[in-house]
Amino acid sequence: MFSNLILRNSKRNRKKNGLFFGSLIISIVAFYIILSLSKQDVMVFLAKMESDAVNKLLLMIPVFYGMTLGILFFLIYFACKYQMERRRKEFGVYLMMGMRRSKLFIMLLAEDLLSSILALVIGLPIAVLLSELISLVTAKLVGMGIIGHQFTFSLSAVCFTVTGFLVIKLAAFLILSGKISRQEIGTLLASFSEKEKKQRPAFVYGTCTVSGVIMLAAAYAMAIQGIAWYAPDKMLLTLLLGLLGTIFLFYGMRALIALLVKAGKANRKLHVFSFRQIQENVMHQSTSMAISSLLILAALCCFGAGIGIAGTSRQAGEHVMDYTFQDYGAESSQDVLSHLKTVLKENDLETQFSQLFEMRIGNVRNGENGNHVFQMDSVMESLEGFTQSEDRDVLLNNLGYVDYPYLICLSDYNRLLEAAGKPALVLEENEAAVYQDYDFTTESRMDMLNRILSEHPETLLNGTPLYLTGKIQSVDLVTDRSITLSFALILPDEQFLQYTNGEYEVYINGIMSRKAVKSGSLMTAISDMNARLDELCLEDMGIEYESYLQNIGRQLFYMVAASYITIYLAIIFLVVANTIMGVQFLMNQQKTGRRYQTLVHLGATYKDICLSARKQINWFMGLPVFVAAISSIFGVKALFAGMLSSGTKGAEREMLLVSAAMILLLCVVEYIYVTIIKRSSDRYLLTLMQPQREE
């Protein structure tokens, strides 16, 4: 009998609090995925190349785990408090009918434990399957292939998920059950008492609204301009202005709602009642609404910025070469390629490459003016003629130091363009093309320089006239980052050899053959080739190499750090914010249940009451979401201002577009949350339609 009562109560609680139960399952899934990160294919792959960075990332996981445990504790506490308050009369009836307080405690503990176990039974399998799906999709997207994938199950992640979840659930239950057990039967049976809130003059609320808007504007300006990133005290000031501005804004919103009540049409059904309820909700819950809005803002910024960075992390550079070799054992620069081919042929590795070609890079030798061999006064004059802007000033400053540029051989660069599937450059004897690596420029600055290059400006190289032509070139010269050039000139072969006097650096770029990649993915083929090259001890022969794995490994690490962590935090913040708002509204609705019963006695229909409640929900949850959505536009921009390097800022526009799409997606998720809360409200209002006797 007692066990049946526990089962019925537990089932009823889950049905009436589906939003809270679903939030617990989502939290369990998020816990397992983040804790099992080290077992996923991508992290195992990254650990081979970026072991230090990966280890530092994994060391941060317990910090995120502990932080989210604390956040979820407060979520569970307030949600369970709502459940306890809703059942106060039920507990009073149990005690009045002779149930001992110890038995009531055991019953509640069993109900809570049963719901927790059920949430774990549902959440953990979903988490394991979702973790495997993420691992497979990520491996496919980055070119690792899925042939070598093996099913992974992290027992430690399961243990920490179960332990952390049960600990915070038990802690919240013990605190709340202690408060309930100390109350007398009469107190439990009494109805909710509504506390009066002091109403202040409208001038005070209007002043708070204006002050909040000013504070938020100042915080946005400091963040977007990068001032917040200058020093910790600037960041603290920005966050403080944003926090206080949001709180003041919501505190003053009750004046705006009062104006809407007066401006609304009085002939609408329950119009005044609805807006009075909305005004009172904002009055009672303005601080919690502000905190919820900030949590949603954090979720939108994390999700938008993380996906934006991850989705465009590979746009800055193109994958053309698989390997780059440097041979210090060759007798001269002209013998580097032939010596490397000999070494590869002797070890049956030459057929593994479809192409091996030189990339010759040098400087002006025996310059007439020492290190000041290049003048481009015409380019600087053209730049000064542009409208004043940050990009123009940066270009004027950077190009002002370009007096000893690197030189690139045209035929070698054309081989690179051919491998990249791009048209070759055609240069006359006295012409040159400009090369700039993506890390040192942006799209807007490249457009500005291209406009100048289209005019065929005249420059001087070692005293000889040289005309710049074409567009800025930026295809990576080597596989990884052994050389990145902020400014270089691409010269025809004869001029290159003339200016360098035959003294230059030679990099040998290699592209793997189809035969080498045929058996598996490109990543696997390069990994196997690295193992074979390491066995040859090439360093003893004076040969060093870099592979595409170093490059993709770094990009993958940034993608994982940006996407996995930010998505995890976004999910936690979103779940907590929406559950808190939903629980608070439903709790407040229950406290004002007598008002709805009065409307029933006065002849209001169930449909009219539900429409009134739904309008209240739209305002109560819509205001925080709307403020957060507007703020997220500035928040994501601010994150990009402080987090992006100069090389990746060229893709900022694409990142913002991806971020905007993600923010819209989360707004759809918010709509789903609002719909769930509306249905819970409708079910509660249905119980009030039957007049109840109170004696």
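The values are calculated or read from the model by the stated rules, or taken from the named source; none is laboratory data. This structure is a prediction, so every number in the text was calculated from the model and none was measured. Reconstructed Cβ throughout: ideal geometry from the backbone, glycine too, with neighbour counts over all protein chains shown.
Quick notes
- Looking only at the range 459-510, residues that are of a type in the set (D, E, K, R) and in contact with an Asp or Glu (Cβ under 9 Å, 6 or more places away or on another chain) come to 5 in all.
- Test: residue in the range 649-672 that is part of a helix (DSSP H, G or I), under 19 Å from Asn281 (Cβ atoms) and either at pLDDT 80 or above or basic (Lys, Arg) (or both): yes
- Residue match in the range 343-355 (condition: free of Cβ contacts under 8 Å to residues at least 12 places away in the same chain, in a loop (DSSP other than H, G, I, E, B) and among the charged types (D, E, K, R)): yes
- Residue, farthest from Ser547 (Cα to Cα), within the range 309-334, restricted to residues that are part of a loop (DSSP other than H, G, I, E, B) and modelled with pLDDT under 60: Thr312
- Residue satisfying condition, being under 20 Å from Ala79 (Cα atoms) and surrounded by fewer than 21 Cβ atoms within 10 Å (Cβ to Cβ), within set Lys591, Lys615: Lys591
- Taking the range 134-163 as the range and being more than 25 Å from Leu19 (Cβ to Cβ), of a type outside the set (S, T, N, Q) and at pLDDT 75 or above as the test, the residues that pass are Phe153, Leu155, Ala157, Val158, Cys159, Phe160.
- Condition check for Leu349: buried (at least 18 other Cβ atoms within 10 Å of the Cβ) and out of contact with any Phe, Trp or Tyr (no Cβ under 7 Å at 6 or more places or on another chain): no
- Some residue of the range 638-647 being modelled with pLDDT of 85 or more and among the hydroxyl-bearing types (Ser, Thr, Tyr): no
- Of all residues in the range 270-291, those that are in contact (Cβ under 8 Å) with a residue 60 or more places away in the chain and within 14 Å of Asn618 (Cα to Cα) have Cβ atoms under 7 Å from Cβ atoms of residues that are polar (S, T, N, Q) and in a helix (DSSP H, G or I), 6 or more apart or on another chain, in Ser274/Ser612; Ser274/Gln616; Gln277/Gln616; Ile278/Gln616; Asn281/Asn588; Asn281/Gln616.
- Looking across the range 500-538, the residues that are loosely packed, with under 14 Cβ neighbours inside 10 Å and either in contact with a Ser or Thr (Cβ under 9 Å, 6 or more places away or on another chain) or modelled with pLDDT of 85 or more (or both) come down to Asn501, Gly502, Glu503, Arg514, Lys515.
- Residue count for the range 465-499 satisfying the condition of being of a type in the set (Val, Ile, Thr) and at pLDDT below 90: 5.
- Considering residues of the range 357-408 that are in contact with a strand residue (DSSP E or B) (Cβ under 7 Å, 6 or more places away or on another chain) and among the hydroxyl-bearing types (Ser, Thr, Tyr) only, the residue modelled with the lowest pLDDT: Tyr404
- Of all residues making up the range 416-450, the number that are in contact with a strand residue (DSSP E or B) (Cβ under 8 Å, 6 or more places away or on another chain) and crowded, with 18+ Cβ neighbours inside 10 Å: 10
- Residue match in the range 564-576 (condition: modelled with pLDDT under 75, in contact with a Ser or Thr (Cβ under 6 Å, 6 or more places away or on another chain) and not assigned by TED's automatic domain parsing to the domain that holds Ala79): no
- Condition met for Ser293 (at pLDDT 85 or above, farther than 30 Å from Glu535 by Cβ and touching a Phe, Trp or Tyr at 6+ places or on another chain (Cβ under 8 Å)): yes
- Checking Met215 against (1) under 27 Å from Asn281 (Cβ atoms); (2) surrounded by 12 or more Cβ atoms within 10 Å (Cβ to Cβ); (3) free of Cβ contacts under 8 Å to residues at least 40 places away in the same chain; (4) out of contact with any Phe, Trp or Tyr (no Cβ under 8 Å at 6 or more places or on another chain), the condition it does not meet: (4)
- Cβ-Cβ distances below 6 Å connect the following pairs, each with a first residue in the range 13-39 that is surrounded by fewer than 22 Cβ atoms within 10 Å (Cβ to Cβ), a second residue that is of a type outside the set (Val, Ile, Thr) and not in a helix (DSSP H, G or I), and a separation of six or more residues or different chains: Lys39/Ser154.
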